[in-house]
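Notes follow the structure.
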Amino acid sequence: LAPGEAAGAAELAALQSVGFDAAALSNLGGPGTAYAHAASLTRYRARVYDADWAAERGATDRASETVGDVFADFEGARAHEALEEADHDAYESFEGGLSDLRSAVESGDAEARASALSAVDSALLSGIEALVGPDGRAVLESAFFRARLADANERYRLGDGAAAAAATRSLFQRFESDEARFHEFLEETSEDLYHRFEEEHLVALVSAYEN
């Protein structure tokens with residue numbers, strides 16, 4: 001892939017991820033409010049990784065503010081009550097993980113930051129499945145991938161091809177491990193699309209960013 005093609009793919013990814021806005025989904029009629037709440041949790045997944053990236057680059061204040069914004073948004077969102085009712089353990093782990101993540105960011109403890117980020121991500125995945133089931137979680141995992149691919153392209157645009165490749169490679173590993181059953185769900189839905197996504201996008205983007 002040429003850099004322009006990679007940029008175009010990531011731009012489309014970013015635009016598509018906006019489509020998972022909870023307010024819009026709640027009015028669609030088909031997906032329903034539970035899906036809208038799960039979409040909000042998916043957005044939080046992407047946002048905490050934005051915070052982690054900012055912390056990694058040394059932008060501590062921005063990273064802390066991003067985590068704080070996620071917490072504030074969640075406290076005022078209808079997804080708050082929905083998650084608490086659907087999976088109380090996930091709700092507690094998410095809020096506790098956000099607090100730990102912000103503390104780790106502000107203290108500059110990279111190991112604690114990674115642990116807290118993992119806890120938040122795991123809690124949100126559990127909450128999403130509790131709200132919409134395994135198939136709904138797989139669909140929303142695709143939204144998470146789109147947002148993270150856009151993040152990888154932004155790193156590339158800023159001149160850090162190695163970081164862009166690493167971020168994309170991490171997504172490939174998630175895909176291969178069948179996180180949220182996304183790998184299996186996509187393959188069952190369309191084997192052609194599955195092969196294209198894996199080979200022409202994930203694998204090809206890693207090579208494009210590295211070269």
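Here are a few things to note about the model shown:
- If the chain linking D178 and S99 were pulled fully straight, counting 0.36 nm for each residue of separation and taking away their Cα-Cα distance, it would gain 25.6 nm.
- Per the Cα gyration tensor, region 91-166 maps to an equivalent ellipsoid with semi-axes of 24, 21, 7 Å, ordered largest to smallest.
- Heavy-atom accessible area per residue - the chain, 1.4 Å, Å²: 48
- In region 66-139, the portion of solvent-accessible area held by carbon and sulfur atoms comes to 41 percent [1.4 Å probe, whole percent, DNA, RNA and ligands not counted].
- Linear extension gain, A166 paired with E92, 0.36 nm per residue minus alpha-carbon span: 23.6 nm
- For semi-axes √(5λ) of the Cα gyration tensor in Å, calculated from these coordinates, the label among [x] 41, 18, 13; [y] 26, 23, 15; [z] 33, 25, 17: [y]
The values are calculated or read from the model by the stated rules, or taken from the named source; none is laboratory data. None of the values given here were measured: they were computed from a predicted structure. These accessible areas exclude ligands, DNA and RNA; they are computed on the full protein's heavy atoms, side chains included. Shrake-Rupley method; radii C 1.70, N 1.55, O 1.52, S 1.80 Å.
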